[in-house]
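Have a look at the structure below, then the notes.
Laboratory data are not the source of any read-out in this text; all were calculated from the coordinates shown. Keep in mind the model is a prediction, meaning the values are calculated, not measured. Ideal geometry is used to build each Cβ from the backbone, glycine not excepted, and the neighbour counts take in all protein chains shown.
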Amino acid sequence: MLKIAVLVSGGGTNLQAVIDAIAAGTITNSRIEVVISNNKNAYALERAAQNGIPHRCISPKDFADRDEFNRQLLLALNSYSVDLVVLAGFLVVIPPEVIAAYKNRTINIHPSLIPSFCGTGYYGLNVHKGALLRGVKITGATVHFVDEGTDTGPILLQKAVEVKEDDTPESLQRRVMEEAEWKILPEAIHLIANGRVEVENGKTLIRSEKGMDTI
Ligand code: GAR
């Protein structure tokens, strides 16, 4: 059984997609042990409560300095003995000690096709504003492992979404969520929970029926 911590900051629709997929059996061998938010008002915490999932707020604001926050976040994850950390709209820089302790065991959902519209400053609605400003015709979402950089880790899954001429950042964000994020995040967790993912030389290998495919 893969024990998961989901880290959130906002509405938690990706968290909800994971909760629903576990309930529906499309994610197998997995249990959410804890939901952690840096924002005590995040609706994601409410979603955890409604589903009987342990949840807590750990915010940099509550500690004397960043080192102490980093230490407390790591301690919390360790206390739940989690196997996988899922960043689902977590808008705080991940402490280096968490990245090191959970190397190849931390994934992030990003609302673009990496390496487009990613890195520092590209989060949430900004990503979609960037895509519309550049005039791309296709965007999408990416699930990747988290390394020391910002959105630079091995790519696990991607799904493309068409940009429409009358899109606003908000309408594009919603469609990317519906058509891509809420599908590939649960799928990524299912693959990991069933031992089908390996990381090698900065790329992921996904085990299919036939063997390992490099993507
Ligand atoms: C999602 O669109 C997620 O891809 C994005 O924040 C949103 C959270 O929504 N994450 C990033 O931009 C990370 N760089 P949610 O709280 O409804 O899941």
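The table below lists the values:
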read-out: Amide N of region 79-102 lying under 16 Å from the label point, which is placed 7 angstrom from the Cα of Arg31 along Cα→Cβ; value: 79-84
read-out: Amide H contacts of Ser30 (H built 1.01 Å from N, under 5 Å, at least 5 apart or other chain); value: Leu2
read-out: Charge-dipole axis of region 139-215 as Lys and Arg at +1 and Asp and Glu at -1 on Cβ define it, positive-most pick from Ser171, Val146, Asn194; value: Asn194
read-out: Qualifying lysines (Cα of each under 23 Å from Cα of Lys159; at least 8 residues distant if same chain); value: Lys129, Lys137, Lys183, Lys203, Lys210
read-out: Region 129-179 - percent relative contact order, Cα under 8 Å, separation 6 or more; value: 38 percent
read-out: Residue-span extension gain [Met1 to Leu132] - 0.36 nm each, minus C-alpha spacing; value: 43.1 nm
read-out: Cα→Cβ-extended label distance, 7 Å offset, between Ala64 and Ala23, nm; value: 4.4 nm
read-out: The chain: antiparallel DSSP beta bridges as a percent of all, rounded to 5; value: 50 percent
read-out: Table column - 3J(HN,Hα) (Hz), region 56-66, Karplus curve with 6.51, -1.76, 1.60, x for Gly and Pro; value: 7, 9, 10, 10, x, 5, 8, 10, 4, 8, 5
read-out: Value of relative contact order over the chain, rounded to a whole percent, pairs C-alpha under 8 Å and six or more apart; value: 19 percent
read-out: Gain in span if fully extended, Asn51 to Glu198, counting 0.36 nm per residue against the direct Cα distance; value: 49.8 nm
read-out: Order by protection proxy (mean Cβ within 10 Å, highest first), peptides 143-150, 113-120; value: 143-150, 113-120
read-out: Sequence-separation-based contact order of region 97-169, relative, with Cα cut under 8 Å and 6+ spacing, percent; value: 35 percent
read-out: Over 24 Å between alpha carbons, listed pairs Lys3/Lys103; Lys61/Lys103; Lys40/Lys103; value: Lys61/Lys103; Lys40/Lys103
